[in-house]
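Everything below concerns the one structure shown next.
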Amino acid sequence: MRQIVLDTETTGLDPARGHRIIEIGAVELIGRKLTGNTFHVYINPQRVVEQEAIEVHGITNEFLQDKPVFSQIADEFLQFIDGGELVIHNAAFDVGFMDHEFALLRNGTGRTTDYCKVLDTLMLAREMRPGQKNNLDALCRAFGIDNSNRTFHGALLDAELLADVYLAMTGGQTKLELASQKKNHQHNGQAVDWSRVTNKPQLKVVKATAAEEQAHRERLQLIDAPLWQETNS
């Protein structure tokens with residue numbers, strides 16, 4: 001399974017009020033393992049970033065002036081997410097902004113769910129931890145994930161942290177590494193590492209002694225109408 005753990009930063013909270021995406025960060029998981037393949041871009045929103053938003057993510061209007069607009073990165077972004085499953089914390093927020101950006105392209109791009117499935121880790125966390133704080137910082141603390149570098153919200157850093165949180169919430173990374181003799185196998189076009197246990201000890205078979213067999217027969221005779229006699233009759 002190919003999954004894309006994704007986060008965005010924006011000029012404000014509501015695309016219906018004209019707010020835009022200013023940063024996208026995403027990391028790729030294949031078979032629940034980080035591949036090192038990432039997508040990260042800053043975007044000129046062609047509008048002012050609200051001060052309240054700057055205080056959250058630290059991305060200023062001056063910094064964004066020379067960055068590409070969304071239409072210039074849209075094709076590359078769609079190629080990166082196409083066919084995968086997006087893993088997003090509070091997915092309604094990010095997907096809402098993504099759909100808004102696609103609509104502004106006016107070229108029939110469609111909606112996010114036309115290209116990929118979406119998994120909301122906030123809903124997953126609320127099911128696992130009802131009544132508790134389930135923002136990203138709280139989940140990092142709960143699952144022992146170091147987020148000490150998170151002084152500001154940043155899309156790529158938050159996507160990397162969310163990938164660790166998601167794997168921890170759903171059982172960790174799966175590995176088929178049991179011993180030595182590592183091999184490589186192709187599955188659906190992806191290389192899968194696996195190992196075979198070698199030099200396994202022979203199982204020792206311990207047989208009953210004659211005295212133990214006789215004691216067993218005597219014990220069976222004490223049972224009144226055993227079921228195995230009914231089956232064999």
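The values are calculated or read from the model by the stated rules, or taken from the named source; none is laboratory data. These figures come from a predicted structure and were not determined experimentally. Cβ sites come from the backbone with ideal geometry, for glycine too, and all protein chains shown count toward neighbours. Protein only, heavy atoms only, side chains kept; ligands, DNA and RNA dropped before computing areas. Shrake-Rupley method; radii C 1.70, N 1.55, O 1.52, S 1.80 Å.
Run residue 64 past the list (1) aliphatic (A, V, I, L, M); (2) modelled with pLDDT under 95; (3) closer than 21 Å to residue 151 by Cα and report the number of the one that doesn't hold. Exception for residue 64: condition (2). Of the residues contained in the range 60-74, none is found to be in contact with a helix residue (DSSP H, G or I) (Cβ under 8 Å, 6 or more places away or on another chain) and within 25 Å of residue 139 (Cβ to Cβ).
Looking only at the range 35-72, filter to residues that are touching a residue at least 24 places away in the same chain (Cβ under 8 Å), in a helix (DSSP H, G or I) and open to solvent by 10 Å² or more (accessible area, probe 1.4 Å); which one of those is nearest to residue 11 (Cα to Cα)? Give the derivation first.
Keep residues of the range 35-72 that are touching a residue at least 24 places away in the same chain (Cβ under 8 Å), which gives 38-50, 52-53, 56-59, 64, 67-71.
Subset that is in a helix (DSSP H, G or I): 52-53, 56-57, 64, 70-71.
Remaining after also requiring open to solvent by 10 Å² or more (accessible area, probe 1.4 Å): 52-53, 56-57, 71.
Working: 52: 9, 53: 6, 56: 10, 57: 10, 71: 17 Å.
Among them, the one singled out is 53.
Of the residues making up the range 110-161, those that are touching a Cys at 6+ places or on another chain (Cβ under 9 Å), closer than 21 Å to residue 39 by Cβ and either open to solvent by 90 Å² or more (accessible area, probe 1.4 Å) or in a helix (DSSP H, G or I) (or both) number 1.
Residues satisfying the criterion are absent from the range 85-100 (criterion: open to solvent by 20 Å² or more (accessible area, probe 1.4 Å), touching a Phe, Trp or Tyr at 6+ places or on another chain (Cβ under 7 Å) and either charged (D, E, K, R) or more than 16 Å from residue 25 (Cβ to Cβ) (or both)).
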